[in-house]
Structure formats: C-alpha cells, structure tokens
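Student: If you scroll down you'll find the structure; I have some questions about it.
The values are calculated or read from the model by the stated rules, or taken from the named source; none is laboratory data. Fair warning: this is a prediction, and the values are worked out from it, not measured in the lab. Quick reminder, even Gly has a Cβ in these numbers, built from the backbone with ideal geometry, and neighbours come from all protein chains shown. Calculation scope for accessible area: heavy atoms of the full protein, side chains included, ligands and nucleic acids excluded. Shrake-Rupley method; radii C 1.70, N 1.55, O 1.52, S 1.80 Å.
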Amino acid sequence: MSILIKNGKIITASDTYAADIHIEGETIHSIGKNLEVQADHAIDASGKVVLPGGIDPHVHLDMPFMGTFSSDTHETGTLAALHGGTTMVIDFILQTQGKSLYHALETWQGRATGNTFGDYSFHMAVTDFNENTRKEIVEMIEKEGITSFKTFMAYKGALMIDDGQMVDLMQEVKDRGGMVTVHATNGDMIDKLIAKHRSEGRLSPLYHYLSQPEITEEEASGRFVDMAYYTDVPAYIVHLTCEGAMNQVRRATQRNQKVFVETCIQYLLLDASLYEKDFEGAKWVMSPPLRQKKDQETLWAGINQGLVQVVATDHCPFRGEQKLMGRDDFSKIPNGHPAIEHRMELLWSEGVVKQRISPNKYVEVTATNPAKIFGMYPKKGCIAVGSDADLIILDPEEEHTLSSQTHHMNVDYSAYEGWKVVGKCKTVLLRGKVAIHDGKVLIEKGCGKFVKRGKVSKVI
Ligand SMILES: [Zn+2]
C-alpha cells in the first residue's frame with residue numbers, strides 16, 4: 001500500500017515548507033516538490049498543514065487507583081487519542097509494593113496487548129526498590145525495551161519510595177543507560193495538610209488544592225534534581241506546574257545537568273479558581289492541582305526558553321459517579337482529568353494560533369522531544385525519509401467546540417466543555433494507514449503496536 005500526500009505545508013521541529021510526502025508501507029519513502037509517483041491512494045492536503053503524529057508520554061489507561069480504575073481502557077483511550085492527532089502514548093505500569101516488576105508488566109500487558117488502536121509503550125513505576133528490583137531493571141532495559149523508571153515522592157504506603165531507595169535506583173538506572181522520572185511533591189507535607197483540613201471539617205475540593213501548596217512541589221523538585229546531579233542520572237520531572245519548581249530546574253541547568261521537564265496542557269490553560277465551584281471542582285481534582293495564572297506564564301516562558309521540553313496530559317479520567325466517591329471528603333476524590341483527545345488541538349489553538357509558541361516549537365514539544373527523550377527518534381516524532389508514517393493533516397483554521405457530547409473519551413464530562421478551538425485534525429495516519437478521516441475510524445482495534453524503546457538518547 002502506498003499513499004501520496006500532495007500540496008500540504010509540512011511543519012517539523014525545525015522547518016516549515018511545502019512538499020509532497022510519499023509513503024510506502026509503514027514508513028515515509030520520499031519527500032519533495034511535485035513528486036511524480038504512482039500511489040495506490042492520494043490525499044490532497046491543500047490549505048492544510050502536515051505534522052508528525054502526537055506522542056503523549058504521560059497517560060494512565062485502565063489504571064487501578066483509589067479503589068477504582070481510570071475509565072478509559074487501552075482501547076477507548078488510544079482511539080480517543082487518535083481522533084485528536086495523538087498516534088502514540090506512553091502508559092504507566094505500577095509495581096505493587098512487595099511484588100516484582102515482571103508481575104506488574106504481565107498485568108499491564110494483559111490489559112493492553114491486542115486492545116489498542118494507536119501505538120504505545122510503558123514507563124515502569126518503581127514503588128519498591130530492593131535487590132530483586134535491581135536485577136529486573138537491566139532486563140526491562142535490555143529485553144523489554146522499557147527504559148524509563150517512574151518514581152513517586154508522595155503517596156506513602158502505596159507508591160512512594162524514600163530518598164535512600166531513590167539514590168540506589170538512580171545509580172542502577174544510570175549504569176544501565178536508562179532514565180529516572182518523578183512525581184515530585186513532598187508527600188509527608190501533603191499528608192499532614194490533608195489530615196489537618198479533614199480534622200477541621202474542611203472537606204470540599206478546594207481543600208485538595210490547599211493541601212498541595214506550591215512549596216511542596218518546589219521542595220521535592222529541588223531535592224530530586226539534586227539527587228539526580230549526585231548520581232549523574234538523566235532525569236525527567238513529570239507534570240511540573242509552577243514557578244517555584246521551575247526555578248529549581250533553572251538552578252540545576254546552570255550546572256549543565258541533564259534534567260528534562262514535562263508540563264501538561266491543563267497547567268498551561270486552567271487555573272485553581274475552578275476549585276471554588278463547590279463539588280463541581282472535583283472534575284479538576286488532580287495531583288499536583290491546578291495553580292495560579294502567574295504559573296501559566298512561567299510555563300509558557302519555560303517552553304520558549306527550552307526549559308520545558310514536553311507538553312503531555314497526565315490523562316487519567318474518572319466518570320462522574322467515580323468522582324462522587326469524594327462527595328463528602330476531597331481526599332477520596334479519584335485524582336485525574338480527561339485530556340488525551342484534546343492536547344494537540346488545544347495547544348495548536350491556544351499556543352500557535354494565539355502566537356504564544358511557534359508552529360515548530362509546537363511540533364517539538366508534542367512529538368519530537370518526547371521521541372528523542374524516550375529513545376524512539378527518528379523512528380517516531382518526525383517527518384523524515386525512513387521514519388514511521390505517523391502523520392496528522394490539520395486544517396489550521398477550522399473552528400469547533402469541545403464537548404462531552406462529541407468527544408470519544410469514556411467519560412461523561414469534559415474538562416473543557418464549550419471551549420472554542422481553532423484548528424482541527426482532519427486526517428490521521430498511523431504507520432502508513434489512514435486511521436481517522438473526517439471523524440470516521442478506518443482501522444480496527446489491535447492495530448496499535450508496542451514500541452520497544454532504546455536507551456536514553458544522546459540526541460537532545
Ligand atoms: Zn500521572
């Protein structure tokens with residue numbers, strides 16, 4: 001099967017130019033002006049832009065959490081992602097404390113294998129670092145193609161590791177060529193504040209926000225980057241939200257340390273005033289919580305300064321009835337919000353159309369950098385000869401409105417209900433197949449493949 005995409009404007013992380021793209025099988029065969037090739041199928045992209053398919057390196061599909069499961073499965077989540085131009089996701093495996101990494105890997109494979117529409121990979125969350133775990137790290141990297149290891153500095157008793165385990169893990173991962181990523185918030189401080197607010201009868205969603213003040217993230221981010229400096233491990237902070245944490249990273253980069261930062265679309269666009277809406281605020285209960293307007297400006301600036309390399313989602317949806325578990329107590333509201341489908345179009349509209357970032361920067365933070373940082377470049381994340389033909393053909397001017405009535409995520413509310421967005425994904429290709437066209441799904445469940453990742457890339 002061959003496809004010729006004609007007359008589009010190609011945007012990459014470095015260039016913008018008009019050219020045709022010829023795809024043979026799963027990969028890009030050639031790129032050029034007025035290509036004279038016979039293809040099985042031609043797509044006219046006049047007036048549209050052609051972008052690398054989005055890579056969302058932070059999603060939680062079908063994940064057990066707080067006594068329930070996130071409501072998008074690998075099937076519904078990757079399909080919703082494709083509708084919005086994200087052709088690949090990296091999902092998180094959670095080790096159960098007291099059990100092995102392989103036990104967790106098999107559990108996640110059981111849920112994901114054969115069930116995805118789009119391509120996927122896994123990060124391994126290490127919640128119990130011991131001598132057995134140490135032996136498994138090398139197997140994850142060398143045999144399974146899982147090269148990034150997530151840690152939690154919060155959720156004591158379930159997910160959190162202490163600083164001693166953190167340093168040991170960092171040393172092992174450094175020696176094996178991997179990367180350590182982190183949820184950087186001070187768990188002990190947060191637990192203390194949650195207990196205080198509950199004992200005082202302050203139980204509305206607003207107190208979720210007030211239990212995780214900026215300093216809890218700033219302190220943990222600083223501690224994490226210092227431990228990463230000490231061990232010389234490549235390090236990545238997930239869902240960074242605020243100015244204080246950003247300043248810790250800025251300090252670290254001055255000593256030429258390899259620290260990467262991800263923020264998420266919601267932290268760029270939404271703020272903590274949403275928690276003042278009584279229980280409706282539960283829709284945006286996530287950790288870290290939404291912050292203030294001044295933090296949004298810091299994050300946009302961080303993107304433009306190259307301090308923030310990735311915009312992800314931390315997609316972790318829960319339906320209305322699941323959020324109701326915390327009706328009378330904010331600490332029982334399942335944490336997370338739905339965004340896997342909207343990241344690409346929201347960032348185009350709010351970032352590129354509103355001229356906060358360039359179109360090339362957009363490609364960099366949504367596709368190219370995630371591919372480079374997580375060992376998939378140039379197979380993924382770029383438009384180049386030989387790369388996988390994961391592409392979006394986007395109408396940069398079409399307006400539409402986001403709503404739970406029309407989205408494809410398995411959740412009965414939208415965190416962006418009524419948002420008017422400029423720019424729409426018209427056609428999405430996954431490894432040379434048209435997956436979505438004008439809202440219609442043209443591939444089947446099981447088309448998504450597990451992507452084995454390489455050791456930490458030296459290209460960024
Ligand atoms: Zn997460």
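Student: Give the angle, between 0 and 90 degrees and rounded to the nearest 10, that separates the Cα long axis of helix 101-112 from the longest principal axis of the Cα atoms of the chain.
Tutor: Roughly 50 degrees between the two axes.
Student: Could you give P(r) for the range 260-386, binned at 10 Å from zero, as whole percent values over all Cα-Cα pairs?
Tutor: Taking every Cα pair in the range 260-386, the percentages come to 12, 39, 30, 15, 3, 0.
Student: Right, next: Amide H to amide H, which residues 5 or more places from S121 or on other chains are under 5 Å from it, using H placed in the peptide plane?
Tutor: The answer is V89, I90, D91, V451.
Student: Could you tell me the distance between the Cα centroids of the range 37-102 and the range 201-247, to the nearest Å?
Tutor: For the range 37-102 versus the range 201-247, the Cα centre distance is 26 Å.
Student: With a 1.4 Å probe and every protein chain left in place, tell me how much accessible area K48 has, in Å² to the nearest 10.
Tutor: Answer for K48: close to 50 Å² accessible.
Student: Any idea what angle helix 187-199 forms with the longest principal axis of the chain, computed on alpha-carbon atoms, 0 to 90 degrees, nearest 10?
Tutor: Result, in degrees: 70.
Student: Report, for the chain, the % of DSSP beta bridges that are antiparallel, rounded to 5.
Tutor: Of all bridge pairs located within the chain, approximately 50 percent are antiparallel.
Student: Right, another one. By DSSP, what percent of the beta bridges with both residues in the range 295-452 are antiparallel, rounded to the nearest 5?
Tutor: Here the share of antiparallel DSSP bridges comes out near 95 percent.
Student: Give, to the nearest whole percent, the P(r) tail of the chain beyond 44 angstrom, counting all Cα pairs.
Tutor: So the portion of pairs separated by more than 44 Å is 8 percent.
Student: Given q = 0.13, 0.18, 0.28 Å⁻¹, what are the Debye log10 I(q)/I(0) values for the range 270-329, with equal point scatterers placed on the Cα positions and solvent ignored?
Tutor: Debye curve over Cα of the range 270-329, log10 I(q)/I(0) at q = 0.13, 0.18, 0.28 Å⁻¹: -0.45, -0.75, -1.23.
Student: Moving on. For the range 46-167, just list the percent of Cα-Cα distances falling in each 10 Å bin from zero outward, please.
Tutor: Going from the shortest bin to the longest, the percentages are 12, 41, 31, 12, 3, 1.
Student: Please list 3J(HN,Hα) in residue order for the range 342-358, calculated via the Karplus relation 6.51 cos²θ - 1.76 cosθ + 1.60 where θ = phi - 60°; whole Hz, with x for glycine and proline.
Tutor: Karplus values, whole Hz, x for Gly and Pro: 9, 4, 5, 6, 5, 6, 4, 5, 7, x, 6, 4, 7, 6, 7, 9, 7.
Student: Continuing with this model, one more query. Please sort 65-76, 16-27 by packing, taking for each peptide the average over its residues of neighbouring beta carbons within 10 angstrom, highest first.
Tutor: 65-76, 16-27
Student: Using a 1.4 Å probe, how large is the accessible area of R202, given in Å² and rounded to the nearest 10?
Tutor: Approximately 100 Å² for this residue.
Student: Right, another one. Which order do the peptides 114-126, 97-109 take when ranked by the mean count of other beta-carbon atoms within 10 Å per residue, highest first?
Tutor: 114-126, 97-109
Student: Let me ask you something else. Determine the gain in length on full extension of the stretch E444-E24; use 0.36 nm per residue of separation and subtract their C-alpha separation, reporting nm with one decimal.
Tutor: 149.2 nm
Student: If you don't mind, there's one more thing I want to ask. Please list, in chain and number order, the residues 5+ apart from F260 or on another chain whose amide H is under 5 Å from its amide H, with Hs placed from the backbone.
Tutor: Residues meeting the amide H criterion: A235, Y236, I237.
Student: How large is the direction-averaged shadow of the alpha-carbon convex hull of the range 1-115, in nm²?
Tutor: Taking the Cα atoms of the range 1-115, their convex hull projects to 9.8 nm² on average.
Student: Just round it to a whole percent: the fraction of Cα-Cα distances in the range 10-57 exceeding 15 Å.
Tutor: 51 percent
Student: Output wanted: per-residue J couplings in Hz (rounded whole) for the range 445-456, from phi through Karplus 6.51 cos²θ - 1.76 cosθ + 1.60, θ = phi - 60°, x for Gly and Pro.
Tutor: After applying 6.51 cos²θ - 1.76 cosθ + 1.60, I find 3, x, 5, x, 10, 6, 9, 6, 9, x, 5, 4 Hz.
Student: What is the count of Lys pairs in the range 1-139 whose alpha carbons sit under 16 Å apart, if the two are 8 or more places apart or on different chains?
Tutor: Number of lysine pairs found: 6.
Student: Mind ranking 378-385, 130-137, 292-299 by how tightly packed they are, going by the mean number of other C-beta atoms within 10 angstrom, highest first?
Tutor: 378-385, 292-299, 130-137
Student: Assuming R0 = 41 Å, what is the FRET efficiency of R250 and A42, from their Cβ-Cβ distance, to the nearest 0.05?
Tutor: 0.25
Student: Once R0 is set to 35 Å, what does the formula 1/(1 + (r/R0)^6) return for the Cβ-Cβ distance between K455 and A195, expressed as a FRET efficiency to the nearest 0.05?
Tutor: So, using R0 = 35 Å, E works out to roughly 0.25.
Student: Please compute the Cα-Cα pair-distance distribution of the range 258-297 with 5 Å bins starting at 0, giving whole percents from short to long.
Tutor: 6, 22, 31, 20, 12, 5, 3, 1, 0
Student: Here's a follow-up. Ordering S403, S14 by how much accessible area each has at a 1.4 Å probe, largest first, what is the list?
Tutor: Of S403, S14, the descending order of accessible area is S14, S403.
Student: Hey, can you grab everything whose amide H is under 5 Å from the amide H of N186? Only 5+ residues off in sequence or another chain; H modelled, so Pro and N-termini drop out.
Tutor: Residues meeting the amide H criterion: E217, A220.
Student: Sticking with this structure for a sec: Once you put a point 7 Å from the Cα of K6 and another 7 Å from the Cα of D175, both along the Cβ direction, what distance in nm separates them?
Tutor: My value for the distance between the label points is 5.9 nm.
Student: Follow-up question, since we're still on this one. Give the residues of the range 304-334 whose amide nitrogen is closer than 18 Å to a point set 7 Å from the Cα of Y229 in the direction of its Cβ.
Tutor: The answer is 307-308.
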